[in-house]
Structures are given as C-alpha cells and as structure tokens.
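What follows is a set of notes on a single structure, which appears directly below.
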Amino acid sequence: MTSRDPNPLLRRLGIASWSIVGVFAVLAIAIWLLMQASIIVIPVVFSLAIVYLLNPSVTAFERRGMGRLLGTAIMYVVVTVLLFGVGLAVWPSLADQGSQLGESLPLIYERGAEWVEDTAERAGLEVVVPTLEELTAELGTGFEFTDELQGFAEGVLAVLAGVLESVALIFLAPVIAFYILVDLPRATRIFRDLVPPSIKEETVHVAERLGRALGGFVRGQLVAATIVALMSMTGFWAIGLDLWLVIGILAGALNMIPLLGPWVGGLLAVGVALVTGSLGLVIAAGLVALAVQQIDNHFVSPLVLRATVKLHPSVIILALMVGGSIAGLLGVLLAVPAVAVLKVLASHYWRTRMLGEPWQDAAEAIIEEPEITRTGEILVERIRARKEREVADDPNPTSFFDETP
C-alpha cells in the first residue's frame, strides 16, 4: 500500500461521517421549508394518509377490470356515506357529552390535585399543587405583550391562519388524494424511470418495503384506534361511567400517540369517574382502561400492524418531544413514522455501504414481523393465503404502495 492509498476503514468512516452531516443538513433545510410553508403541510400529510388508506381497495377494483377513476369515485362515495351516517347517529350525544366534559375539566383538575396532595402527605412529603387560577395566571403572564396593538394583530393573524388551515385540510386533502389515487400507477412508473439503472432494482425494492410498512402503519393505526374506541365505549357504558361516548372516542384517538396516548386516555376516564362517581367507579374505570390496553397491546395492534420498524421507547419519547415542539399535535402524530423511515434508510445504508451486505438481505432485515398470539397467527396466515392467491392472478402490482406480501 502506497502513502497515497487511504486506509479502507478510514475511508468508510469518512464517507459515513460526511453522509451523516449531509443527512442532518438536508433534514434541517426540510424542516425550515416545512415551517415556512406550514399551511400546506397538513393537507399534504392527510392526503397521503387517505391514499395509503384507500389505495388497496382502489387497486382491488382495478384488478377486477374497473378503472382507477371509477374505483376511486366509488370509495369516496362509500366513505362519505359512512362518515355522514355515523355523524348523524352520534353527533347529538357527542356534542352534549363534549360540552359536559369541558365543564367538568376544572373540577377534574381540582380533585386530581387534592388526591396528589393527600397521597404525598400520607407518604410524609409536602407537595403543593397550584390551583387552576394560579396556573392560568402564570401561563397568562408568559403571553402578555407590552404593545397591545401588536398583540391584537398577532391574534387576528393566528385566527386567520387557523381558519385557512382548517379550510385547506377539509377541502384540499381529499382533492389531492383523489388525483394521487387516480394517477398513482403513472407516478410510480415515472419514479422508476428517474432512478439510475445501476441502483434501480435496489431503490425500488427499498421503496416497496417502505411503502408497505407505512401503508400498514397508517391503516393499522386507524383500525386499532377504532377497535380501542369501541371497546372503551362499551366498557365505560357497562360500568355506568358518565360521558362514556366522548371518553371512548378520545381514548381511541389518543391511542394513535405511542406510549403517552393510552395513559392520557386512561387517566381522563379515571378523572371523570373521580368527579362523578364513587371509589368503586374509579377502580372500575381504571380496570376497563387497563383491560382495553392489554387487549390492544397483545392482540389487536400486533394483528393489524402487519410489519413494523422496532424503535426503542426512549427514541419514541424523544421523537414525540421533538415532533411536538416543531409541529404541535401533527408533529406528535408524524414523529414515530418519520423516525421509522429514517431508521430504515440509515440502517440500509450502513448495512450495504459500510458492512458490505447484499442489499436484498439488508432490506429484508430492516422491517420485522411483530409477535402475535396463536389465534392471531391463524388469522394472519389466512389473510396472507388470500393475498398470495390475488398476487398469483396478477404477479405485477401497479404500485409499490400496494399491500402485497
């Protein structure tokens, strides 16, 4: 080896270091651009969620000889009718219970503060929880402006921005999703043609794995949230908990936030029971919330989330904190899938470029199948057998967004 020949290990480490710097630079630029154009982020994100949710059904229509335009229109009509019907059925009770919950929140906070202080006192500790008025006053001082005109202008702009975002979300997201669903095969072909031939097979394979994992994540989260909401509503109604409908729906929605969401939903149910019922009702509400989460963790989520990118709990918590600080609730919802995508790409690069593994082995090893019960295994095998028969009839799927095994 001459003095001009670099050490292979040092060369790889140098490439990896600069690659990491480049990735963080690209992420910083992307985050800055998203913050500058935040008003379009919400409809784009929700339109992609709609695409992931409806594309398997649209593709199934297409395989049976129906055009994607007609298949997409049918799915939009079906979803609209379902949402309208469910809304008519539950909206009166939901609005009434939601109003009652809003009125009960101050009392829930006060009862919770009393319980914390009493528990600390019995343990020999002195803990003083600020009252709601003190907390509101402390928070309010942080938002005071010396210039009242500036405060008024910023308030008006905030309201206008919120209205524009809501309008964009309601009207733009379904429209964007409709055109993406119709033109998805063409967009996929364009994507394949843009990839250089030397890395086309590898890139397409990784994209298919990512699309399958993200599609399964979106659909699985919605299905799991719906099941958790139904189980929670049934359980809370059975024990006689007031506001069982709105608490159950909130429990299902919060279940989509990893780790923290289920705890918040359970604590909310216990808080309502603490205000409106006896100690027995508090215990019953806690047991219902615990039972629902155990069923979800050990059966529902492993069954509906076909493929997953495993992340350490500390990484999930950090991702939630960063996502929440950048984009609020939307950032919390998107934090985990975003980190999962980064892990897939970084792991693939490390295994193939740094460790020299074949890209086929590296791509297959990134996304793992979750552990499920024997009953879940039987159901999954039946689903996979049906999918394999469909693929045998059409071995060339039209898009890497399709959920094909």
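The values are calculated or read from the model by the stated rules, or taken from the named source; none is laboratory data. For clarity, every value in this text was computed on a predicted model and none was experimentally measured. Using ideal geometry, Cβ is built from the backbone for each residue, glycine included, and neighbour counts are taken over all protein chains shown.
Quick look at the values:
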{"quantity": "Test: residue in the range 88-96 that is within 30 Å of Val272 (Cα to Cα), at pLDDT below 75 and surrounded by 14 or more Cβ atoms within 10 Å (Cβ to Cβ)", "calculated": "no"}
{"quantity": "Residues of the range 143-201 that turn out to be at pLDDT 80 or above and either in a helix (DSSP H, G or I) or at positive phi (or both), as a count", "calculated": "28"}
{"quantity": "Failed item in (1) of a type outside the set (Gly, Ala, Ser); (2) closer than 14 Å to Gln293 by Cβ; (3) without any contact (Cβ under 8 Å) to a residue 40 or more places away in the chain; (4) in contact with a Gly (Cβ under 7 Å, 6 or more places away or on another chain), with Met233 passing the rest", "calculated": "(2)"}
{"quantity": "Filter result for Ser325 (modelled with pLDDT of 70 or more, surrounded by 14 or more Cβ atoms within 10 Å (Cβ to Cβ), in a helix (DSSP H, G or I) and of a type in the set (S, T, N, Q))", "calculated": "no"}
{"quantity": "Residue identified as within 23 Å of Pro337 (Cα to Cα), touching a residue at least 40 places away in the same chain (Cβ under 8 Å) and small (Gly, Ala, Ser) among Ala289, Ala251, Ala285", "calculated": "Ala251"}
{"quantity": "Residues located in the range 321-355, provided they are touching a residue at least 24 places away in the same chain (Cβ under 8 Å) and under 15 Å from the mean Cα position of the chain (by Cα)", "calculated": "Ala327, Leu330, Val332, Leu333, Leu334, Val336, Pro337, Val339, Ala340, Val341"}
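Yes or no, residue by residue, for (1) in contact with a Cys (Cβ under 6 Å, 6 or more places away or on another chain); (2) within 30 Å of Leu214 (Cβ to Cβ); (3) among the β-branched types (Val, Ile, Thr):
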site	(1), (2), (3)
Val45	no, yes, yes
Arg63	no, yes, no
Met66	no, yes, no
Ala89	no, no, no
Ala95	no, no, no
Gly102	no, no, no
